[in-house]
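Chemist: Okay, handing you the structure first.
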Amino acid sequence: MFTSIAIIGRPNVGKSTLFNKLTKSRQAIVSDFSGLTKDRNYGYISFGDQKSLIIDTGGIAQDDSILKEDIAEQAWIAAEESNLIIFLLDGSQNLNKEDLDILTRLRKLNKNFITVLNKIDKKSESLIKEDLVKKGLDNFLKSVLSIQKI
Ligand SMILES: Nc1nc2c(ncn2[C@@H]2O[C@H](COP(=O)(O)OP(=O)(O)OP(=O)(O)O)[C@@H](O)[C@H]2O)c(=O)[nH]1
Ligand SMILES: [Mg+2]
């Protein structure tokens, strides 16, 4: 079966960085400037002889601007059209309302999703792991996709 995987999350958590790593490309532009990805990026990844489509999406933000709303809706379309979703979070920050709203809508999709905590290389006092467990998410992966130079 042909699978499609969408990477979603709020702005700046590292979605495009993950996409580039998985597709072994530099197709998606990565920047510390939040809200950089405006539209979906498509690529392919292979697991043995299985090939899968992977989609990098724009950040789902809580913002009244029409552009941001549009970016978020494009991300949700990608999620709805995929068989598997990677829900990427910034593991160096606390779980915030934007993350929680994404989680609520994600659960309503009734699809398989993998929760990944990124940026765990950053020194922080984040309580995100505990907060995720409280929200019923005790099965998450941790990642370091790039180490920021200071
Ligand atoms: N310290 C650290 N920085 C990271 C990590 N992963 C990504 N970054 C940095 O986080 C910033 C945002 O990364 P992007 O991949 O552009 O994030 P995004 O989620 O695609 O952002 P938008 O497209 O704006 O929603 C960049 O400066 C990355 O280098 C990580 O594991 N650790
Ligand atoms: Mg991006």
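Chemist: Of the chain, which part is the longest with no GluC sites (Glu not before Pro) in a loop (DSSP not H, G, I, E, B) and with at most 16 other C-beta atoms within 10 angstrom?
Modeler: Values: sites that count: GLU81, GLU125.
With GluC sites (Glu not before Pro) excluded where exposed in loops, the chain gives 1-80 as its longest stretch.
Chemist: Then there's this: Could you work out the per residue convex hull volume over the alpha carbons of the range 1-84, in cubic angstrom? All intermediate terms of the calculation are to be shown ahead of the outcome.
Modeler: Working: hull volume 6.5 nm³, N = 84.
Convex hull of Cα atoms, per residue: 77 Å³.
Chemist: Within the chain, which is the longest segment that contains none of the chymotrypsin sites (Phe, Trp or Tyr not before Pro) sitting in a DSSP loop with at most 13 other Cβ atoms within 10 Å?
Modeler: Values: sites that count: PHE2, PHE33.
In short, 34-150.
Chemist: Give the aspartates and glutamates reachable from LYS38 as a straight Cα distance under 13 Å; neighbours fewer than 8 places away on the same chain don't count.
Modeler: Partners found: ASP56, GLU69, ASP70, GLU73.
Chemist: Using only the alpha-carbon atoms of the range 3-142 as identical scatterers, what base-10 log of I(q)/I(0) does the Debye formula give at q = 0.11, 0.19 Å⁻¹?
Modeler: Treating every Cα as an identical point scatterer, log10 I(q)/I(0) equals -0.37, -1.15.
Chemist: With 10 angstrom as the radius, rank THR37, THR17, THR104 by how many other C-beta atoms surround their C-beta, starting from the fewest. Don't jump to the answer; show the numbers that get you there.
Modeler: Details: THR37 23, THR17 20, THR104 10.
Fewest-to-most Cβ neighbours within 10 Å comes out as THR104, THR17, THR37.
Chemist: Right, another one. Filter the cross-link list LYS21/LYS97; LYS21/LYS142; LYS24/LYS108; LYS68/LYS111; LYS21/LYS129 down to pairs whose alpha-carbon distance in this structure exceeds 20 Å.
Modeler: Values: LYS21/LYS97 28 Å; LYS21/LYS142 15 Å; LYS24/LYS108 32 Å; LYS68/LYS111 24 Å; LYS21/LYS129 24 Å.
Table pairs above 20 Å Cα-Cα are LYS21/LYS97; LYS24/LYS108; LYS68/LYS111; LYS21/LYS129.
Chemist: If you don't mind, another one. Over 22 Å, how big is the tail of the calculated P(r) for the range 59-150, in percent of all Cα pairs? Mind dumping the intermediate values first?
Modeler: Details: 1348 of 4186 pairs.
When all Cα pairs of the range 59-150 are counted, 32 percent exceed 22 Å.
Chemist: Distance between the C-alpha centers of the range 1-62 and the range 78-110? Whole Å please.
Modeler: 14
Chemist: Starting from the Cα of LEU36, step 7 Å along the direction of its Cβ; do the same at ASP131; then give the gap between the two resulting points in nm.
Modeler: 2.4
Chemist: For the range 12-25, what does the Karplus curve 6.51 cos²θ - 1.76 cosθ + 1.60, with θ = phi - 60°, yield as ³J(HN,Hα) per residue in whole Hz, taken in order and with x for Gly and Pro?
Modeler: Along the range 12-25, the couplings run 6, 7, x, 4, 5, 4, 5, 4, 4, 5, 5, 8, 6, 9 Hz.
Chemist: Stick to the Cα atoms of the range 39-84, pair each with every other, and give me the Kirkwood hydrodynamic radius in Å at one decimal. Before the final figure, lay out each step's value.
Modeler: Values: mean 1/r = 0.0860 Å⁻¹.
About 11.6 Å for the range 39-84.
Chemist: Name the residues whose placed amide hydrogens come within less than 5 Å of the amide hydrogen of THR3, ignoring near sequence neighbours (fewer than 5 apart) on the same chain.
Modeler: Amide H neighbours of THR3, under 5 Å, 5+ apart: LEU53.
Chemist: From the helices alone, meaning DSSP H stretches of at least four residues, give me the mean residue ellipticity at 222 nm for the chain, per-run term -39500 (n - 2.57), in deg cm²/dmol to the nearest 500. Mind dumping the intermediate values first?
Modeler: Working: 4 runs with 44 residues, N = 150.
Calculated from helices alone, the mean residue ellipticity at 222 nm is -9000 deg cm²/dmol.
Chemist: Another question about this same structure. Can you list the HN-Hα couplings for the range 91-103, worked out from phi with the Karplus curve (6.51, -1.76, 1.60; θ = phi - 60°), rounded to whole Hz and with x for Gly and Pro?
Modeler: Whole-Hz 3J(HN,Hα) from phi for the range 91-103: x, 8, 10, 6, 5, 10, 5, 4, 4, 5, 5, 5, 4.
Chemist: Looking only at the range 75-118, which residues have a backbone nitrogen under 19 Å from a spot 7 Å from the Cα of TYR44 in the C-beta direction?
Modeler: Flagged as within label range: 82-84.
Chemist: Counting other beta carbons within 10 Å of each residue's own, what order do ILE147, ILE29 fall into, fewest first? Walk me through the intermediate numbers first.
Modeler: Values: ILE147 9, ILE29 13.
Ascending Cβ contact count within 10 Å gives the list ILE147, ILE29.
Chemist: For a footprinting-style exposure proxy, rank LYS119, LYS51 by other Cβ within 10 Å, fewest first.
Modeler: Numbers: LYS119 24, LYS51 11.
Least to most surrounded, the residues fall as LYS51, LYS119.
Only the coordinates and a few stated rules stand behind these numbers; no lab work does. Source: prediction; values computed, not measured. Neighbour counts are summed over all protein chains in view; Cβ atoms, including those assigned to glycine, are modelled from backbone coordinates with ideal geometry.
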